[in-house]
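**Student:** For reference, the structure I am asking about is given below.
The values are calculated or read from the model by the stated rules, or taken from the named source; none is laboratory data. Bear in mind the structure is a predicted one, so any value in this text is a computation, not a measurement. FYI the Cβ positions are ideal-geometry reconstructions off the backbone, even for glycines, and counts take in every protein chain you see. Please note that ligands, DNA and RNA were not included when accessible areas were found on the heavy atoms of the full protein model with its side chains. Shrake-Rupley method; radii C 1.70, N 1.55, O 1.52, S 1.80 Å.
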Amino acid sequence: MNTTRIVAVVMLIVASGLTLRATQAQLAGTRRIDLQRHDLSAPGREVVQARVEIDPGVTSSRHSHPGEEIIYVLEGVLEYQLDGKPPVTLKAGDVLFIPAGTIHAAKNVGSGPGAELATYVVEKGKPLVTVVE
């Protein structure tokens, strides 16, 4: 096997592992569908936009982000718990701002599907989500 083929095989194995890890990181009953990612004019910052879906009765893991999260609820009724604050319940059309580094979780408290449009303004090169046990 020549060096080029070995490198290609190694890259394929690494990519497969990363895809598996990303899939496993999503809690059952939740889905994050990345829509777009772009560098910003602010050095070292990027914007990521995603649709986040949560099945009825499911609560996301407690987590934080390396930047701000701006939420627009697309459908359903979602309850957000930000550390140190009382829970807030939002319905389609409502918005929420989550400051950088704030530990939080979301729960679908409605009887149907819940979804949000999440816009993250984050530090480039850092993991988008850090799960907190």
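**Student:** List the aspartates and glutamates whose Cα lies under 19 Å from the Cα of Lys107, skipping any in the same chain that are fewer than 8 positions away.
**Tutor:** Glu53, Asp55, Glu69, Glu75, Glu79, Asp83, Asp94, Glu116, Glu133
**Student:** Compute the projected area of the convex hull of the Cα atoms of the stretch 50-89, averaged over all viewing directions, and report it in nm² to one decimal place. Present the calculation step by step, with values, prior to reporting the outcome.
**Tutor:** Details: hull surface 13.8 nm².
Quarter of the Cα hull surface area: 3.5 nm².
**Student:** Remind me, what semi-axes does the stretch 43-131 give for its equivalent ellipsoid, largest first in whole Å, using sqrt of 5 times each Cα gyration tensor eigenvalue?
**Tutor:** Values: eigenvalues 97, 36, 24 Å².
For the stretch 43-131, the ellipsoid semi-axes come out as 22, 13, 11 Å.
**Student:** Note down the accessible area of Thr89, probe 1.4 Å, to the nearest 10 Å².
**Tutor:** 80 Å²
**Student:** How far apart, in nanometres, would the label points at Glu68 and Val95 be if each is projected 7 angstrom from Cα along the Cα-to-Cβ direction?
**Tutor:** 1.0 nm
**Student:** Please work out the C-alpha center-to-center distance from the stretch 26-47 to the stretch 76-133 and express it in whole Å.
**Tutor:** Here the answer is 14 Å between Cα centres.
**Student:** Same structure, new question: Looking at the P(r) of the stretch 79-133, how many percent of alpha-carbon pairs lie beyond 16 Å? List each step's numbers first, then the result.
**Tutor:** Working: 737 of 1485 pairs.
The proportion of pairs with Cα distances above 16 Å equals 50 percent.
**Student:** Right, next: Treat each spin label as a single point 7 Å out from the Cα along the C-beta direction, and report the Leu82 to Thr130 distance in nm.
**Tutor:** That separation, rounded to one decimal, is 1.8 nm.
**Student:** Could you pull out every residue, at least 5 positions away or on a different chain, whose amide H is within less than 5 Å of the one on Glu68? Hs are placed 1.01 Å off N in the peptide plane, and Pro or chain starts have none.
**Tutor:** So Glu68 has HN proximity to Ala100, Val121.
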